[in-house]
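Asks: Below is the structure I would like to discuss, written out as structure tokens.
The values are calculated or read from the model by the stated rules, or taken from the named source; none is laboratory data. Everything quoted here is computed from the prediction, not taken from an experiment. Here Cβ is always computed from backbone atoms with ideal geometry, including for glycine, and neighbour counts include all displayed protein chains.
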Amino acid sequence: MTYTAKTFALPALEGISEKQVKVHLALYEGYVKNVNLLLSTIGMYQGVADEGGAVAVTEMRRRLAFEFNGMRLHEQYFEQFEGEKGGNRESLLAKAAEKKYGSGEKFIEHIRQVATTRGIGWVVVYYDKVGDTLHTVFVADHELGQLAGLPIILALDMWEHAYMVDHVPAEKKDYVNAFLANLNWSVVEKRFEAAMATSAA
């Protein structure tokens, strides 16, 4: 299996420069490259009776989760900017956000609050079918802190590479505001509806 880097139909973004987007997309392509490299190298060592090779494969398997999740999270991140920004205040997601957070505005404010978590990582919104609820969490290092088995509804990259061309670390709130201002909520709403449909099946 070989993965191919996706292309995204991104409009001009308000508060996120074209240079920043290009830098970020190049980094995403690096994750795709490393996923393919790890999978092919692990495949070469399969069945090789070599103690050093076995140790190398074990460490590559540990690394694969970091690279693979980095690839997928970035795909979800960039997809959220495709199409027209904005969303539907009457959507199923809006109703779920109101149920969990009190209102759509409070949901967005909670995302901003989680984004102020110190350190590098992601703000990820999940849907939990068991509890029929949303969870907004901070995920570190791509593979650390993910909620097992829950579909991702929204992904906000909080690694410095996502904003350092345009903003210094002390200005990351400006980046978060720009992310939210450019977000095509209909992409997020469709993910939520798909997650609900899967849970009902």
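Asks: Kindly evaluate PHE107 against the criterion of being outside the structural domain of GLU171 (by TED's automatic domain parsing), aromatic (Phe, Trp, Tyr) and surrounded by 12 or more Cβ atoms within 10 Å (Cβ to Cβ).
Replies: Against the criterion (outside the structural domain of GLU171 (by TED's automatic domain parsing), aromatic (Phe, Trp, Tyr) and surrounded by 12 or more Cβ atoms within 10 Å (Cβ to Cβ)), PHE107 does not qualify.
Asks: Let me ask another. Among LEU37, LEU10, LEU25, which is the only one that is part of a helix (DSSP H, G or I) and under 22 Å from ILE153 (Cα atoms)? Before you say what the answer is, go through the steps one by one.
Replies: On the way: LEU37 fails: under 22 Å from ILE153 (Cα atoms); LEU10 fails: part of a helix (DSSP H, G or I).
None of the other options fit; the residue is LEU25.
Asks: List every residue pair whose Cβ atoms lie under 9 Å apart, where the two residues are 6 or more positions apart in sequence or sit on different chains, the first residue falls within the range 20-31 and is closer than 11 Å to LEU10 by Cβ, and the second residue, located anywhere, is of a type in the set (A, V, I, L, M, F, W, C) and assigned to a helix (DSSP H, G or I).
Replies: VAL21/PHE78; HIS24/PHE78; HIS24/ALA162; LEU25/PHE78
Asks: Could you tell me which residue of the range 75-104 is nearest to THR133 (Cα to Cα), considering only residues that are in contact with an Asp or Glu (Cβ under 7 Å, 6 or more places away or on another chain) and in contact (Cβ under 8 Å) with a residue 60 or more places away in the chain?
Replies: Per the criteria, the residue is LEU93.
Asks: Could you list all residues from the range 176-201 that are closer than 21 Å to ALA12 by Cβ and part of a loop (DSSP other than H, G, I, E, B)?
Replies: LEU183
Asks: Taking LYS172 as the residue in question, decide whether it is surrounded by fewer than 20 Cβ atoms within 10 Å (Cβ to Cβ), out of contact with any Phe, Trp or Tyr (no Cβ under 9 Å at 6 or more places or on another chain) and in contact (Cβ under 8 Å) with a residue 12 or more places away in the chain.
Replies: Criteria not met by LYS172.
Asks: Out of GLY53, GLY47, GLY30, report the one residue that is among the small types (Gly, Ala, Ser), outside any helix (DSSP H, G or I) and over 24 Å from ALA178 (Cα atoms). Please lay out each step first, then the result.
Replies: Details: GLY53 fails: outside any helix (DSSP H, G or I); GLY30 fails: outside any helix (DSSP H, G or I).
It is GLY47.
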